[in-house]
Amino acid sequence: MTRRVGMEVSFALSEAVKNCNVDVISAYPITPQTHIVEELSQMVADGDLDAEFIMVESEHSAMAACCGASAAGARTFTSTASQGLQLMSEIVFIASNMRLPIVMAVANRSLSAPLSIWGDHSDVMANRDSGWIMFFVESGQSVHDHVYIAYRVAEDSRVLLPTMVNLDGFQLTHVIEPVELIEKADLGDFLPPYDPQIQLNPLKPVTMGPAGTPAMFTEAKKAQEVVTWNSRAIIDEVWEDFGKRFGRHYKAVETFHTDDAETIIVSMGGLSGTARAAVDKMRKEGKKVGLVRIRLFRPFPAEDLRRILSPAKVIAVCDRAISYGGPGGPLCSEIKSAFFGYSGAPYIANFIIGLAGRNVWVTDFEHIADRAQQLVLQEEPAPYEIIGLRE
Amino acid sequence: MDINVYAARMLPQAEYFAPGHRACLGCGHGISLRLIMKAMGPRTIVSNATGCVEITSSTYPQTSWRVPWIHVAFETAASVASGIEAAIKALQRKGRYPEKERVTILAVAGDGGTADIGMQGLSGALERGHDFVYVCMDNEAYMNTGIQRSSSTPYGAWSTTSPFGAKSIGQKTWKKNMPAICAAHGIPYVATVTPAYPFDMVDKLRKAKEVEGPAYVHVFSPCPTGWRLDPSMTVQIARLAVQTGAFPLYEIVDGKIRVTEKPKKLLPLIEYMRPQRRYAHLTEEDVKKIQKRVRSEYRKLLKREKEGY
């Protein structure tokens, strides 16, 4: 039987990691990820989780140790945030081409400077092209569920890619939410033990991570690109199986009141809860506003977005990161690219919100919807706007 | 009575570091790795840092490694080894690892990957006490990228980034003492070796393999290309390094040092330096200054050995 409890989201995540029976955890503490590694340390100390916990001296070594452990055939977990993700970034890019199915929870937090411990998406966006499958979750329940989903996808022999579960720092990691915990017994064969295709094993020597000359480098990258796109079908398959077993249905792009919407707000991660409340309010006032929540960022669900967003007049994309001197927020750039060259694209407005944990209220989303409708009427497309900026 | 008999045929016949690799003529690494791998044996997994060894032994689709081998990045030999060790520990405990016997984890990195960029990761792995052997293949500069100085480059030596000139003697700093730094972590085994003393090398690596916990072995490995040395002199120059006191051979077992090769009288340092054009710009005065330092360091070692710490 599943248990419905009130639980801090970091603990709900750790509970799922425990139920996945991971073999090796390698992590370095960083706010706001600390509750995750503290809880996991306790589980190992109590004997509730039979794993080796490598308390490394840096995030760089955390990811390097994960690579070693995963290559040796262990189910491997790590978690980090912000500066930690930046420090390990070098190895994050290597893990994907080496096809190591590591699962990492990123408690999204802004990047220095100025130093800030609060949440936004600048850390993960700096690692956008690292070749990991990237989920963005929005509730304690989806955090818990996506640990199982992430391992099932990552370890699928048709995928074998590291997978990142992004959850907003503090706004998600440190809140208490109702969560239906999936117990180990209920998990059944949803997640079989990891069966590595290639493994560091003296009985069958293999050379992993060799040097690649220009004669084969492009082919190695093409292979990685193909498997990343192909992973989408497996992700959908796993979500469907999860829905059948546990009754919670997930999609790459989730919609709320989009069918007849003239304006659609697009968001990713925890703030979509507030956006949803705003859409409810606006609907009651008779405004035709809808909401799209992107749950899968890599591989990018461009086709889904074209299908869902095309009928609308205006799209308001909310980014929690800035590409300085660039075209605006990184999410909006992706959506604009998705529409480029297709006829009948809606007007796409870009808003930067919630940097370093700055609160975003229902009224902010109302303002975003109104402002997007005003921008359509302008002759020239508008650049991005920062919401809640004090001048 | 203690009888030590050494004969080449007593070494294992099997080769785990295969010929055909792309190392330079006279490379000290090739000679050393062949012996190191004989000591490690077939039940070994190698975690290799980026560097000369990695690039000359693994260029896809060829490999010189007849044991499982992994390369991740430049500064990660020790941290990747930590992960492998932890994984095997967990998987063997859970009955899910194909090899049931003890597996030797060998981390291989150059002096740059050890004393510079990889130092933090190495220190962490030593402190955590993983059961692994770390060998530093010290050729005293970044040779793979074209002879740039590292913190392991000796004082006075020329390199492309420690050039000599009107205002420079060459390398301005004394060689970082990595074995002492590793020993300070309180690990069970530290040793220095060179390919000029092959039996000593194999002997120490076997000990390193046998101890439980981290072992650090510093391999003094001449680089004819970077040292501007006749490639036929690799072994000879390594021997001279020991006989002049430039690179003493010793081991530190549970904190207690033993100097394993004691020349009756140290040869003049110039005999070691003269064949290497990286030292050709030094004046007699400079050589004297360096010899003074080398001798004082050597005396310190003997004193430590005598006093038993």
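Just so it is clear, none of the values below were taken in a lab; they were calculated from the coordinates. The structure presented is a predicted model; accordingly, all values stated were derived computationally and were not measured. All Cβ positions, glycine included, derive from the backbone under ideal geometry; neighbour counts span all protein chains shown.
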Given pairs B:Lys209/B:Lys264; A:Lys18/A:Lys221; B:Lys265/B:Lys288; A:Lys18/B:Lys209 and cut-off 22 Å on Cα-Cα distance, the over-length ones are B:Lys209/B:Lys264; A:Lys18/A:Lys221; A:Lys18/B:Lys209
Counting only the backbone N, which residues of the range B:43-69 are under 15 Å from the spot 7 Å out from the Cα of A:Phe217 toward its beta-carbon?
B:55, B:59-61
So how tilted is helix A:140-155 from the main axis of chain A? Cα-based, degrees 0 to 90, rounded to 10.
50 degrees
Net lengthening on full extension, B:Glu210/B:Arg66 (0.36 nm per residue, minus Cα-Cα)
49.8 nm
Honestly the range A:254-386 on the Cα gyration tensor test (a ≥ b ≥ c root eigenvalues; a/c under 1.5 rounded, otherwise a/b vs b/c for prolate or oblate) is just rounded
Using label points projected 7 Å from each Cα along Cα→Cβ, tell me how many nm separate A:Gln197 and B:Lys303, to one decimal.
6.1 nm
Label the range A:213-260 by shape, choosing from rounded, prolate and oblate, from the square roots a ≥ b ≥ c of the eigenvalues of the Cα gyration tensor; if a/c is under 1.5 it is rounded, and otherwise prolate applies when a/b is larger than b/c, oblate when it is not.
oblate
How much length, in nm to one decimal, is gained on full extension between A:Gln42 and A:Lys244, taken as 0.36 nm per residue of separation minus their Cα-Cα distance?
69.4 nm
Once you compute Rg and the Kirkwood Rh from C-alpha atoms, what is the Rg to Rh ratio for the range A:241-326?
1.00
Of A:Leu305, A:Gln141, A:Leu200, which is farthest on the positive side of the dipole of chain A, counting Cα position, with +1 on Lys and Arg Cβ, -1 on Asp and Glu Cβ, and the Cα centre as origin?
A:Leu305
With each pseudo-label sitting 7 Å past Cα toward Cβ, what's the B:Lys94-B:Gln120 distance in nm, one decimal?
3.0 nm
Work out the length of the dipole vector of the protein assembly as shown about its Cα centre, built from +1 on the beta-carbon of each Lys and Arg and -1 on the beta-carbon of each Asp and Glu, and round it to the nearest 20 debye.
2920 debye
Can you check what the net charge comes to around B:Leu240, using other residues whose Cβ is under 11 Å from the Cβ of B:Leu240 (Lys, Arg +1; Asp, Glu -1)?
+1
Helix axis angle, A:330-339 relative to chain A longest principal axis, alpha carbon, degrees:
70 degrees
From the square roots a ≥ b ≥ c of the eigenvalues of the alpha-carbon gyration tensor of the range A:100-197, which class results: rounded (a/c under 1.5), prolate (a/b over b/c), or oblate?
oblate
Using the Cα centre of the range B:96-233 as the reference point, and only Cβ charges (+1 on K/R, -1 on D/E), how large is the resulting charge dipole? Debye, rounded to the nearest 20.
280 debye
Chain B, relative contact order in percent, only Cα pairs under 8 angstrom and at least six apart counted
16 percent
How big is chain B along each principal axis, measuring the range of its Cα positions in Å and listing the largest first?
64, 50, 38
Among A:Gly212, A:Val227, A:Val179, the residue whose Cα sits farthest towards the positive end of the charge dipole of the range A:3-246 (+1 at Cβ of Lys and Arg, -1 at Cβ of Asp and Glu, taken about the Cα centre) is A:Gly212
To the nearest 20 Debye, how big is the dipole of the range B:9-307 about its Cα centre, given +1 on the beta carbon of each Lys and Arg and -1 on that of each Asp and Glu?
600 debye
Just for the Cα atoms in the protein assembly as shown, what are the lengths along the principal axes, largest first, rounded to whole Å?
98, 61, 47
extent check for chain A: Cα max minus min per principal axis, descending, whole Å, gives 68, 55, 44
Averaged across the residues of A:53-59, what count of C-beta atoms belonging to other chains lies within 10 Å of each residue's C-beta?
5
How many partner chain Cβ atoms sit within 10 Å of a residue's Cβ in peptide A:71-81, on average, as a whole number?
5
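From the Cα trace of the range A:33-113, what convex hull volume per residue do you get, rounded to a whole Å³? Before the final figure, lay out each step's value.
Numbers: hull volume 7.3 nm³, N = 81.
Each residue corresponds to 90 Å³ of Cα convex hull volume.
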Helix B:77-93 axis, angle to chain B major axis (alpha carbon atoms, nearest 10°):
20 degrees
Find which of B:Met178, B:Phe132, A:Ser70 sits farthest along the positive direction of the dipole of the protein assembly as shown, computed with +1 on the beta-carbon of Lys and Arg, -1 on that of Asp and Glu, about the Cα centre.
B:Met178
Measure of size requested: the Rg and Dmax of the range B:116-208, with Cα atoms as the atom set and Å as the unit; please supply both.
15.5, 49
So which aspartates and glutamates pass the test for A:Lys222, namely a Cα distance under 19 Å, with those fewer than 8 places away in the same chain ruled out?
A:Asp129
Restraint check, B:Lys94/B:Lys256; A:Lys204/A:Lys244; B:Lys176/B:Lys204; A:Lys244/A:Lys281; A:Lys251/A:Lys313, Cα-Cα greater than 27 Å:
B:Lys94/B:Lys256; A:Lys204/A:Lys244; A:Lys244/A:Lys281
